Amino acid sequence: MHNSLEKQKYPGSAFLKFLIYFCASLTFLVLIFLIAYILINGIPHINLDLFALKYTSDNASVIPALINTVVMTLLSLLLAVPIGIFSAIFLVEYAKRGNKLVEIIRMTTETLQGIPSIIYGLFGMLFFVNRLGWGFSIISGAFTLAIMILPLIMRTTEEALKSVPDLYREGSFGLGAGKLRTVFKIVLPAAMPGILAGIILAIGRIVGETAALIYTSGTVAKAAEGLFRPGRTLAIHMYLLASEGLYMDQAYATAVVLLVLVVGINALSAYIAKKITQA
């Protein structure tokens, strides 16, 4: 009875319901197809030579690129996460609501999120590589990536802080807690799942970045011997293997390794978020 009345009142509801299920199913099928295609083409070509400690033209090892990827990810997060989180705390908790400067900052961060990564790469090459004299190095790439992911972390953290009810803050103030204690003991733990979701998105962008790093960290196929030494990441490694046309099998195998790395990092981040929220 209820369904018939709903159909009479909203004649397009059945079509909208079908459209929702169709789009959700299509998205799921595309995701499954991409993952299956990578695994089917990559797994048969995974062997011990692919995980040799030193890269050669015969083995096309991923280990040097994997090491560079982990170092680049950790260093970029170390630079961007504290600045992004504390900036968002200032915008939400300390800046006056309706402040023109705050609106300009928010508009700027939203604009920076839409800038192509190759523009960041060009800036990193001109400033970090040439102007500061760091050359093609891990540190140049990390600083460039930190600037890239900073707007993303700021905006996601800001939205996470906004989602915390004001009753939490009012209750803390009513019990005699100060502003700083309220922010760090009440607001931040409640917003932590949203903050970590932004960090996970930032990690995905770091791991999958190629254009900006080609201009800043270089394409040397060995593990960087220091922060001021060049080195390619897994994404660049896979791109170069595929572009040369001689190592397509190794490129698919590298894609599998990259996929497993991203899934592992996301799973670890979700586990940490769960532990933090339960604490």
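If only one of T27, T73 is part of a helix (DSSP H, G or I) and in contact (Cβ under 8 Å) with a residue 24 or more places away in the chain, which one is it?
Values: T27 fails: in contact (Cβ under 8 Å) with a residue 24 or more places away in the chain.
Every option except T73 fails the conditions.
Which ones in segment 116-146 are crowded, with 19+ Cβ neighbours inside 10 Å, aliphatic (A, V, I, L, M) and farther than 10 Å from S217 by Cβ?
Hit for segment 116-146 is A146, nothing else.
Test L122 against the criterion of being more than 22 Å from the chain's Cα centre (by Cα) and part of a helix (DSSP H, G or I), and give yes or no.
Numbers: more than 22 Å from the chain's Cα centre (by Cα): no; part of a helix (DSSP H, G or I): yes.
Taking the combined requirement at face value, the residue does not satisfy it.
Residues checked against (1) more than 26 Å from G114 (Cβ to Cβ); (2) part of a helix (DSSP H, G or I); (3) assigned by TED's automatic domain parsing to the domain that holds V70:
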| site | (1), (2), (3) |
| --- | --- |
| A202 | no, yes, yes |
| G226 | yes, no, yes |
| P230 | yes, no, yes |
| A235 | no, yes, yes |
| L246 | yes, no, yes |
| A251 | yes, yes, yes |
| T254 | yes, yes, yes |
| L261 | yes, yes, yes |
| I265 | no, yes, yes |
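Out of the residues in segment 62-79 that are over 19 Å from L268 (Cα atoms) and hydrophobic (A, V, I, L, M, F, W, C), state the one that is surrounded by the most Cβ atoms within 10 Å (Cβ to Cβ).
A65
Looking at I195, is it under 20 Å from L66 (Cβ atoms), under 21 Å from the mean Cα position of the chain (by Cα) and either in a helix (DSSP H, G or I) or modelled with pLDDT of 90 or more (or both)?
On the way: under 20 Å from L66 (Cβ atoms): no; under 21 Å from the mean Cα position of the chain (by Cα): yes; either in a helix (DSSP H, G or I) or modelled with pLDDT of 90 or more (or both): yes.
Spelling it out, it is not the case that I195 is under 20 Å from L66 (Cβ atoms), under 21 Å from the mean Cα position of the chain (by Cα) and either in a helix (DSSP H, G or I) or modelled with pLDDT of 90 or more (or both).
Within segment 203-214, does at least one residue satisfy the condition of being surrounded by 16 or more Cβ atoms within 10 Å (Cβ to Cβ) and farther than 30 Å from V129 by Cβ?
no
The values are calculated or read from the model by the stated rules, or taken from the named source; none is laboratory data. Fair warning: this is a prediction, and the values are worked out from it, not measured in the lab. Please note: Cβ atoms are built from the backbone with ideal geometry, for glycine as well, and neighbour counts cover all protein chains shown.
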